[in-house]
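Before any comments, here is the structure.
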Amino acid sequence: MEHKHHLSIDQAGPGDVSEVQEIAWQTFYETFYDTNTRANLENYLHAHFNHGRIGEELGNPSSSFFVARINGQVAGYLKVNTGDAQTETMEAGGFEIQRIYVRRCWYGQKVGQALLDHALAMARQKRSAFVWLGVWEKNQRAIRFYQKNGFEPFDTHIFRIGKETQTDLLMKLQDF
């Protein structure tokens, strides 16, 4: 008998800081712990995923957070940005997918695809000209996922994690 997973995606608001912070820490750590030093990871998490910073981001009207749950358990999350909340200056009409992270225990359950589909539906609703994102050049799993969904590399930018400098691929989707 196949076990059916019920997947829901709900928008997170300013009252959800702790839940968002917990899934953000957990998924970032799970994704990058084997390719970065513990010190660099922890410095980054404390700087970028602290309670105050997440609270500010949740309160920004140009950013939206969504939490994916499977049978009520938090499985991953999505953060999108428009306008001046985007992490890079883009030509008009850009829609940024800043973060799609899924807990490792839910890999292969189509959580990332559901979050991406949710983001693309929002971009269509907002009549965005294109959707873009940054992904670490060594994160082949994510790069393959985005390419499968039609994203193409168009630029790179530098990402700093602790004392280390890394290169992110910027990928763009024109037709969505």
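Values quoted throughout were computed directly from the atomic coordinates according to the rules given, and no laboratory measurement underlies them. Quick caveat: nothing in here was measured; it's all calculated off a predicted structure. Neighbour counts run over all protein chains shown; Cβ positions are idealised from the backbone, glycine included.
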Averaging sequence separations of C-alpha pairs under 8 Å and six or more residues apart, then dividing by the length of the chain, give the relative contact order as a whole percent.
-> 20
Cα pair count fraction exceeding 13 Å, expressed as % - the range 120-176 = 61
Could you give the spread of the C-alpha atoms of the chain along their three principal axes, from largest to smallest, in whole angstroms?
-> 47, 40, 32
Taking the Cα atoms of the range 32-131, what is the range of coordinates along each of the three principal axes, in descending order and whole Å?
-> 39, 31, 25
At most 14 other Cβ atoms within 10 Å and a DSSP loop assignment: could you name the chymotrypsin sites (Phe, Trp or Tyr not before Pro) in the range 49-127 that fit?
-> Tyr107
